[in-house]
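Student: Just passing along the structure, written as structure tokens.
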Amino acid sequence: MSDRTILAICATLLLSLPASAATYYVDGNAPNASDDNPGTEAEPWQTITKAAASLVPGDTVLVKPSVYREGVVLRVSGEEGKPITFRALRSRPEERVVLSGADVVSGWERCTEQIAHGNPNHARICYADIDWTPTRLVEDGATLPTAREPNEGWWIAEGGDTHTVADRENLTEDADTLIGAGIFFWDVSTTSQHDRRVTAFDANAHMLTLEQEIYKDRVVEPGKDRYYLKNKVQFIDQPGEWAVEERGESVRIYVWPSSNGDAADHLYEGSRRARHLFDYARAKHIVIDGFEVRHGQGHGIGSWVPGPESIRVENCIVHHNDSIGLSIRNTPRCVIRRNVAMHNYIGIAAGCEGGLVEENEIGWNRMDGLRIGADNVTVRRNYIHDHTLWGHADNFQLFGGIEGMLFEQNLLINGGQQMMMEGTSAGKLLGNMIIGCGAYAVIFGHANADDYDVIGNTIAFSGYGVLNLSGKGYRIRNNVFVSGHDGPLYGFGPQSDVQSDHNLWWRAPGVTGPPIVYNRDFNGTLETYLTASGQDAHSVYDDPHFINAPVSYQHMDSKRLLEFTRDKIFLRGATESYEVGDIVELNFEGHPRRIREVGPDYIVFAPAYGNLPRKAGSVCNWRDNEDLTLDLRLAAASPGGTLSEGAGRVGSTIDIQAFRRGDFDGDGERELPVVP
């Protein structure tokens, strides 16, 4: 064989070998960073967008700490076993690689009385003119509240129709103050809330006209519906408030700095970019690891279009976006792991057939926490909490014909509703701990959520009951169910096809009446339930002896919210279980307050709230226990210690405080990224 032939064979072999995976760098803080660079560590790219357009299967881009003010759209895919990886490169946990939907607002000047439209606080208010309309203003990393009237609480609509609101008591300003204002309207009957804009004001009738109808064909219910006005410079009356005014081709931002000083002494950012801040479009086999994604006018990370597959999002912090934090739609086989999703509209929406949602913290989003929108999704070891605000707020929601969900060892605390499942089937709820809600804790809703295993869970402290069994085909065993009040835990009938046993039930000390209602017998007893149903031959009604828990639980009366003060709240139901001197906790916030007065339907406590509550919440009565560290594992003396089918413990074994620290595997270390 000639030398020429050997060389030709070698060249052919080299061409047939796969290209080796490359590693590139983005460094927004490097003085020499440029998208014209080769993307090496010595000569890095400046933007993530450049990387998104340059990578091929198997490549990794390492993004160094900086704030990247851009929206990234990915047009290329990885391959099976050769993903394209976007990874934040941090040498210390507190370092941040930020993908921001906001731009810096600068050029601040002091207002005159004329510029501030007569606001008497004009000398303290600064303004700047920009060329976009922000929905959020951030001062040194903290989102500022929009100026509003009233400053706290609500006004009550006196009348109106689909597009008008009348209120003789409060709508007394001149037209210049009210036209163009925003209105946040709470339709109490539908428990829905809507942002609208005021386009006209009739001073004689004290009536606002709104740009859009309030809600479909709904009209104002006099004396019932609630609202407040917002977003006018005339409403700015305390430090830390802001407003925005559209002025034809420009937009004017007003702010009273929270320091009471000069706006130039702070970093202000105004939200700007919409859609997804990181949009993987139709890409496949992508890893997004370690980014902080914040302050967008749309979603954080995700895609709306069909076609993506095998997307892995992990170790990210996605917060303060106007819509969904992680909007992972139409994306089979995705993994959403060890992320933090906070203060978005919705935390995570996971339409990932066969996917995994694992070890995330999802909290304080304005509507729902986690929504699942595909079959056969595993939801495991997540901490989901404090979704109590707008709409029918749920910590978890499953709907739309979904089948085969596994919901295992999750911690849910403080929801308007904890779990809402509608039109779904063939699911498993295993080993979860579900604590505190305004309605039912777990709702198999609207007579169409069927065929569920409910095994080994602890479900405690619910506004109504712990389970709503409106469908059929439930297998309920080895659970601990505690309501915390005198309401029944749940009810069902012979048509429900319920198989139940080895459960530990309890409500609260001194409570009488049936813990379980069978076939709508609300006057029955535990014994009549057991006899009539033929279920729960080995179940027990007794105090579970949690390691540390409140004695009783009650929800506030939302119908009397406007009568609340900072130290007085009205309760849904009687106050017989409260005494002066008892220690109460509001909304699982961890602050002990001592009761000073007990009325027939209210309690007075100290210390008081910092502000009037926006919505009615919950009250835990800890009696004389000043340690509010929740631990709903069973103590050694618990009657549930040998109650399970195998003579073991019933209920969940989740360590609540470990989950709250972001330690999901119990090794004492935080698995989640450090939250700024």
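We did not get these values from a lab; they are worked out from the coordinates using the rules stated. Everything numeric here is computed off the predicted structure, so don't read it as measured data. Neighbour counts are summed over all protein chains in view; Cβ atoms, including those assigned to glycine, are modelled from backbone coordinates with ideal geometry.
Student: Where does the chain land at 222 nm, in deg cm²/dmol rounded to the nearest 500, when only DSSP H runs of n ≥ 4 count, each adding -39500 (n - 2.57), divided by all residues?
Tutor: -1500 deg cm²/dmol
Student: Compute the FRET efficiency between E79 and A42 as 1/(1 + (r/R0)^6), taking r as their Cβ-Cβ distance and R0 = 35 Å, and round to the nearest 0.05.
Tutor: On the way: r = 29 Å, r/R0 = 0.83.
Result of the calculation: an efficiency of 0.75.
Student: Oh, and also: How do S192, S618 line up, fewest other C-beta atoms within 10 Å first?
Tutor: The fewest-first ordering by Cβ neighbours comes to S192, S618.
Student: Please sort 474-485, 623-634, 29-40 by packing, taking for each peptide the average over its residues of neighbouring beta carbons within 10 angstrom, highest first.
Tutor: Order by mean packing, descending: 474-485, 623-634, 29-40.
Student: If we count other beta carbons within 10 Å of each Cβ, what is the order of K224, K568, fewest first?
Tutor: K224, K568
Student: For the pair R197 and H392, how long in nm is the line joining their label points, each one 7 Å along Cα→Cβ?
Tutor: Using points 7 Å along Cα→Cβ, the separation is 3.1 nm.
Student: Hey, another quick one. Let me understand the chain better: what is its radius of gyration from the alpha carbons, and its Dmax, in angstrom?
Tutor: 28.0, 104
Student: Could I get the Rg over Rh figure for the stretch 280-432? Both from C-alpha atoms, Rh via Kirkwood, rounded to two places. Please list the in-between numbers first.
Tutor: Values: Rg = 13.7 Å, Rh = 14.8 Å.
Ratio of gyration radius to Kirkwood radius: 0.93.
Student: Provide the per-residue ³J(HN,Hα) series for the stretch 41-49, in order, calculated from phi with Karplus coefficients 6.51, -1.76, 1.60 and θ = phi - 60°, each as a whole number of Hz, with x at glycine and proline positions.
Tutor: So the Karplus estimates, Gly and Pro as x, are 5, 6, 10, x, 6, 9, 10, 6, 4 Hz.
Student: Only residues of the stretch 126-144 count here: report those whose backbone N is under 20 Å from the spot 7 Å along Cα→Cβ of N611, or say none.
Tutor: Within reach of a label on N611, which here means backbone N under 20 Å from a point 7 Å along Cα→Cβ, the stretch 126-144 contributes 126, 135-144.
Student: Follow-up question, since we're still on this one. In whole angstrom, how long is each semi-axis of the equivalent ellipsoid of the stretch 550-623, when you take the square root of 5 times every eigenvalue of its Cα gyration tensor and sort them from largest down?
Tutor: Semi-axes from the Cα gyration tensor: 16, 14, 12 Å.
Student: What are the lysines whose alpha-carbon lies under 17 Å from the alpha-carbon of K559, with same-chain residues fewer than 8 places away excluded?
Tutor: Qualifying lysines at Cα under 17 Å: K224, K568, K615.
Student: At a 10 angstrom cut-off on C-beta neighbours, averaged per residue, how do the peptides 299-309, 52-62 rank from highest to lowest? Show your work: numbers first, answer last.
Tutor: Working: 299-309: 21.9, 52-62: 19.2.
Packing order, densest peptide first, comes out as 299-309, 52-62.
Student: If you stretched the chain out fully between A636 and S189, how much longer would it get, using 0.36 nm times the residue separation minus the C-alpha to C-alpha distance?
Tutor: 156.3 nm
Student: Under a crude label model (7 Å from the Cα following the beta-carbon direction), how far is T512 from A574 in nanometres?
Tutor: The modelled label-to-label distance comes out at 1.0 nm.
Student: How much FRET efficiency would the formula 1/(1 + (r/R0)^6) give for N260 and A532, where r is the Cβ-Cβ distance and R0 is 60 Å, rounded to 0.05? Provide the component values of the computation, followed by the final result.
Tutor: Working: r = 68 Å, r/R0 = 1.14.
After rounding, the FRET efficiency stands at 0.30.
Student: Which length gain, in nm to one decimal place, applies between D601 and Q212 when the Cα-Cα distance is subtracted from 0.36 nm times their residue separation?
Tutor: Values: separation 389, 0.36 × 389 = 140.04 nm, distance 3.88 nm.
Length difference between fully extended and current span is 136.2 nm.
Student: Can you compute the modelled spin-label distance between V104 and R566, with each label point 7 Å from Cα toward Cβ, in nm?
Tutor: 3.8
Student: Follow-up question, since we're still on this one. Order the peptides 402-411, 157-166, 138-147 from the highest to the lowest mean number of other Cβ atoms within 10 Å of their residues.
Tutor: 402-411, 157-166, 138-147
Student: Residue separation times 0.36 nm, minus the C-alpha to C-alpha distance between D131 and D665: what's the value?
Tutor: Extra length from D131 to D665 when fully extended: 187.4 nm.
Student: Read phi for every residue in the stretch 93-108 and hand back ³J(HN,Hα) as whole Hz from Karplus 6.51 cos²θ - 1.76 cosθ + 1.60, θ = phi - 60°, with x for Gly and Pro.
Tutor: Once θ is set to phi - 60°, the couplings for the stretch 93-108 become x, 7, 5, 10, 10, 10, 9, 10, x, 10, 10, 6, 9, 9, x, 6 Hz.
Student: Which order results if W505, W242, W108 are arranged by neighbouring Cβ count within 10 Å, fewest first? Please list the in-between numbers first.
Tutor: On the way: W505 21, W242 29, W108 17.
Result, fewest neighbours first: W108, W505, W242.
Student: Rg over Rh of the stretch 148-230, using C-alpha atoms and the Kirkwood radius, what does it come to? Walk me through the intermediate numbers first.
Tutor: On the way: Rg = 11.2 Å, Rh = 12.3 Å.
For the stretch 148-230, the value is 0.91.
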